[in-house]
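What follows draws every value from the coordinates through simple rules; no lab data is involved. Keep in mind that this is a model prediction, so the values were computed, not measured. Cβ atoms come from the backbone with ideal geometry, glycine included; neighbour counts cover every protein chain shown.
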Amino acid sequence: MKISSAHLAQVLLEATDEATEVETKKAVKQFGTYLKRKRLTKQLPQILGAYRKLYDQKHSIVEAEVRSQSRMSEATKTSLRSALKKRYGVKEAHILELLDERLIAGFKIQVGDEVYDGSVKGRLEALRRELVA
């Protein structure tokens, strides 16, 4: 019987979520030993991805990947966090800032499968589609 990555992630979350640091370390060690014994270590990337999603859902957190040509100012990050919290109805918004030299200006924001393209190229492409339609 194959155990799904989502199920394993749920087990790990239940074992660590409200645990002390010592309890968490013990639970993670036992979990790793279990994965190794059952030869499930290849599932670790999927387990960790599922764990992160479950943790974020439980704690009302949204993760946003933001690509821009240069670093965002703290004021921009604060404003973006506020907008993300409002849009997704969460308590916290975490931003992973990635530099992308291919962007001329603007940015792209990805939250899960949803992408907002605020780059110059993306806005010009949207304008072109609007004009052609």
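A few notes on this one:
- Charges were assigned to the Cβ only: +1 to each Lys and Arg, -1 to each Asp and Glu. The resulting dipole of the range 51-105 about its Cα centre is roughly 280 debye.
- Alpha-carbon centroids, the range 60-82 and the range 1-47: separation in whole Å: 31
- Cα-based helix-to-principal-axis angle, 5-16 vs the chain, degrees rounded to 10: 70
- The range 5-57 shape via C-alpha gyration tensor axes, a/c threshold 1.5: oblate
- Our coupling estimate for the range 54-61, obtained by passing each phi through the Karplus curve with A = 6.51, B = -1.76, C = 1.60 and θ = phi - 60°, is 5, 4, 4, 4, 5, 9, 6, 10 Hz, Gly and Pro reported as x.
- Antiparallel DSSP beta bridges within the chain, as percent of all bridges there, nearest 5: 50
- Semi-axes of the equivalent ellipsoid for the chain, computed as √(5λ) from the eigenvalues of its C-alpha gyration tensor and ordered from largest down, come to 37, 18, 14 Å.
- Neighbour cut-off at most 12 other Cβ (10 Å), DSSP loop, trypsin sites (Lys or Arg not before Pro), the range 99-133: ARG102
- Full-stretch length increase - HIS7, LEU96 - with 0.36 nm per residue and alpha-carbon distance subtracted: 29.4 nm
- Listed by chain and number, the lysines placed with their C-alpha closer than 25 angstrom to that of LYS85 are LYS53, LYS58, LYS77, LYS108; residues fewer than eight positions away on the same chain are left out.
- The fraction of all Cα pairs in the range 61-132 landing in successive 10 Å bins from 0 to the largest distance is 20, 47, 27, 6, 0, given as whole percents.
- Three-way shape label, the range 31-95, alpha-carbon gyration tensor, a/c 1.5: prolate
- If R0 equals 35 Å, the separation of the Cβ atoms of ALA133 and LEU48 corresponds to a calculated FRET efficiency of about 0.25.
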